[in-house]
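Contents: one structure, followed by commentary.
The values are calculated or read from the model by the stated rules, or taken from the named source; none is laboratory data. Owing to the predicted nature of the structure, the values given are computational and were not obtained by experimental measurement. Note: ideal-geometry Cβ built from the backbone for every residue, glycine included; neighbour counts use all protein chains shown.
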Amino acid sequence: MDYLSWNNSIGARFFTPEVKDRRVYLYVTADLIREVGKPSGAGMPDFLVAVKRGPEWVSHGNVCERADQCLSGWRRRKLQYPPYLAYLGLFALAAGLRGDFASNAYYPRLRKLLGETPTSGTYRGFSAMRNLWEDLENWSQREMRGSQGIFQARVTSRFIHVGIPISQTILSEQERLALPSIFAEAAIDPASTPSEALLLDALIKYGGSRLRPRTRTILEERTKSEEEFEALIDAVIQELAEWDGTVIPLGEETTRRSIGQGTTVPSPAPHRRIPGSFAMDVGNGKAECDSRPVMATQLQLLDSSTRAGRTSGHGSKKRHKQRGISYENHREILGRAI
């Protein structure tokens, strides 16, 4: 596979009509690279050779300098996808590289992935890669108008250059789907921004099996992975900012395709016993009390006409739609049980 074959295959994994008006993350992992290359008998070594070489019109420099050349005037080439996607995928892939690295070690990871000596210090030309992320945002939101998904080049952590690539894989799609129920269980108000300490406590206390072991390790051993910790907290804050307070119907599981991973994952539902003895059974707009203790999973929203979504940052479009009950009503009806 040449560079553009990799680039277009990666683009087709993330930007499709199926994810119209939904937030897209370049969740590029070693598994995805293997899946993309498998039909052509290609793998990780072939991908790395391709990105080091780049498309036929670039001629010199390291991967960042070649990526920057891809950006220049690419729209005149009438390409299906921006030609720098494979490079952005490389940068996201580097963020997930495991090994014995220091806490602020994105650049050593990138160098090791490329087969170079994993020394610290900014990789030459990497600061200019912010232009590529911002161009991708412009392409997906303004030029494509969200028709193939929405990318946002947004990061508020102090790691302004490496924060974006790290944020692409810091949370899996299943973990992002689980966050609303974690927010609800922790009684976090969607209209406020909690302190870092409160958010950290909520994730550790209520995340449970809904968070990957890697994510829990980052939360519990923050001093060992400062870049990842800040990117993780930043990603969670962004999800909270976009959350409209909707809680996935308790006891009801829905499935959706995990963007870029080619798999279907269940939407998680809380499984906490509600304090006291108040239960809810909503049907035809009526709520009733039941003196029996119940599990949260027994609460059902039967009126299928009630639907809620969450905004994606692309005007007032819905990121995804599903049956739900608003956070405010959830708290009111359950007597602050969450």
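Quick notes on this one:
- The number of residues in region 216-240 being farther than 15 Å from Ile182 by Cβ and part of a helix (DSSP H, G or I) comes to 13.
- Among the candidates Asp234, Asp189, Asp244, Asp201, residue that is modelled with pLDDT of 90 or more and either farther than 27 Å from Arg130 by Cα or not assigned by TED's automatic domain parsing to the domain that holds Leu97 (or both): Asp201
- Some residue of region 96-104 being touching an Asp or Glu at 6+ places or on another chain (Cβ under 8 Å) and over 22 Å from Gly54 (Cβ atoms): yes
- For region 170-178, the count of residues that are touching a Gly at 6+ places or on another chain (Cβ under 9 Å), over 23 Å from Phe15 (Cβ atoms), touching a residue at least 60 places away in the same chain (Cβ under 8 Å) and of a type in the set (A, V, I, L, M) is nonzero.
- Residue check, Tyr87 aromatic (Phe, Trp, Tyr), closer than 17 Å to Val49 by Cβ, touching a helix residue (DSSP H, G or I) at 6+ places or on another chain (Cβ under 8 Å) and not assigned by TED's automatic domain parsing to the domain that holds Phe229: yes
- Among the criteria (1) free of Cβ contacts under 8 Å to residues at least 60 places away in the same chain; (2) assigned to a loop (DSSP other than H, G, I, E, B); (3) not polar (S, T, N, Q), the one Arg66 does not fulfil is (2).
- The residues on offer are Ile259, Ile218, Ile166, and the sole one that is hydrophobic (A, V, I, L, M, F, W, C), modelled with pLDDT under 80 and within 30 Å of Glu134 (Cα to Cα) is Ile259.
- Test: residue in region 84-104 that is under 25 Å from the mean Cα position of the chain (by Cα), exposed (fewer than 15 other Cβ atoms within 10 Å of the Cβ) and either at pLDDT 95 or above or among the aliphatic types (A, V, I, L, M) (or both): yes
- Out of Leu48, Leu79, sole residue that is modelled with pLDDT of 95 or more, of a type in the set (A, V, I, L, M) and assigned to a loop (DSSP other than H, G, I, E, B): Leu79
- Among residues of region 119-152 being of a type in the set (Gly, Ala, Ser) and surrounded by 15 or more Cβ atoms within 10 Å (Cβ to Cβ), the one that is farthest from Leu79 (Cα to Cα) is Gly125.
- Count of region 13-57 residues which are small (Gly, Ala, Ser) and either under 16 Å from the mean Cα position of the chain (by Cα) or crowded, with 21+ Cβ neighbours inside 10 Å (or both): 2
- Residues in region 13-51 that are among the aromatic types (Phe, Trp, Tyr) and within 22 Å of Asn62 (Cα to Cα): Phe47 only.
- Put simply, of Leu48, Leu71, Leu113 the only residue that is touching an Asp or Glu at 6+ places or on another chain (Cβ under 8 Å) and in contact (Cβ under 8 Å) with a residue 24 or more places away in the chain is Leu71.
- Considering residues of region 153-190 that are under 11 Å from the mean Cα position of the chain (by Cα) and part of a loop (DSSP other than H, G, I, E, B) only, the residue surrounded by the fewest Cβ atoms within 10 Å (Cβ to Cβ): Ser172
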